[in-house]
Amino acid sequence: MGSISLQYPTLEVYLRKENTVREEVWNSFFNLLVKDNKERVKNAAVLTVVISKKEFEYNGRVLPLTTRQFDTGAALENLALEASSRGFVAHAIAGFDYDKARKDLDIPDRYDDVV
């Protein structure tokens with residue numbers, strides 16, 4: 001991931017199925033997906049929600065982070081490349097309930113939930 005003045009605007013919130021203690025925790029991510037995507041990823045080992053900051057601090061000022069979508073896309077691409085280099089498959093899915101993700105995952109307003 002890239003940084004802006006050593007601030008990292010993108011966060012990846014993820015769950016590994018094998019390390020999830022309770023099934024309802026795994027389902028909190030899984031149930032964000034639309035029906036067709038649930039079928040596609042029902043055997044996934046990891047589910048991730050990628051979010052990015054809307055603003056950053058620089059010289060004591062809070063500025064809009066106008067490159068956040070580019071930075072988040074680059075972070076996601078790097079995640080997919082790393083997964084591929086290790087023999088895994090990573091696939092971005094936009095088909096999920098964004099409002100439910102924000103509420104259920106308690107995503108602060110200072111972040112956009114992206115994918």
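The values are calculated or read from the model by the stated rules, or taken from the named source; none is laboratory data. Not measured: the values here are computed from a predicted model. Because the Cβ atoms are built from the backbone with ideal geometry, glycine has one as well, and the counts that use them run over all protein chains shown.
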3 or more residues closer than 20 Å to residue 102 by Cβ and β-branched (Val, Ile, Thr): qualifying strands (runs of 3 or more DSSP E) within region 33-74: 46-53
Residue in region 75-100 that is farthest from residue 25 (Cα to Cα), counting only those that are part of a helix (DSSP H, G or I), modelled with pLDDT of 90 or more and small (Gly, Ala, Ser): 85
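When the residues of region 8-27 are narrowed to those that are hydroxyl-bearing (Ser, Thr, Tyr) and surrounded by 13 or more Cβ atoms within 10 Å (Cβ to Cβ), which ends up modelled with the lowest pLDDT?
Just the residues of region 8-27 that are hydroxyl-bearing (Ser, Thr, Tyr), to begin with: 8, 10, 14, 20.
Among the residues that remain, those that are also surrounded by 13 or more Cβ atoms within 10 Å (Cβ to Cβ) are: 8, 10, 20.
Numbers: 8: 56, 10: 60, 20: 63.
My answer is 8.
Of the residues that make up region 94-103, is at least one among the charged types (D, E, K, R), under 13 Å from residue 13 (Cα atoms), under 14 Å from the mean Cα position of the chain (by Cα) and surrounded by 13 or more Cβ atoms within 10 Å (Cβ to Cβ)?
So in region 94-103, the residues among the charged types (D, E, K, R) come out as 97, 99-100, 102-103.
From what's left, under 13 Å from residue 13 (Cα atoms): 102.
If we keep only those that are under 14 Å from the mean Cα position of the chain (by Cα) as well, we get 102.
With surrounded by 13 or more Cβ atoms within 10 Å (Cβ to Cβ) added as a condition, the list becomes 102.
Yes; the residues of region 94-103 include at least one that is among the charged types (D, E, K, R), under 13 Å from residue 13 (Cα atoms), under 14 Å from the mean Cα position of the chain (by Cα) and surrounded by 13 or more Cβ atoms within 10 Å (Cβ to Cβ).
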Residue identified as surrounded by 15 or more Cβ atoms within 10 Å (Cβ to Cβ), at pLDDT below 85 and among the aromatic types (Phe, Trp, Tyr) among 56, 30: 56
Selection from region 38-53 of residues that are surrounded by fewer than 13 Cβ atoms within 10 Å (Cβ to Cβ) and in contact with a Lys or Arg (Cβ under 8 Å, 6 or more places away or on another chain): 45
Residues that are closer than 18 Å to residue 91 by Cβ and among the polar types (S, T, N, Q), drawn from region 33-59: 37, 43, 48
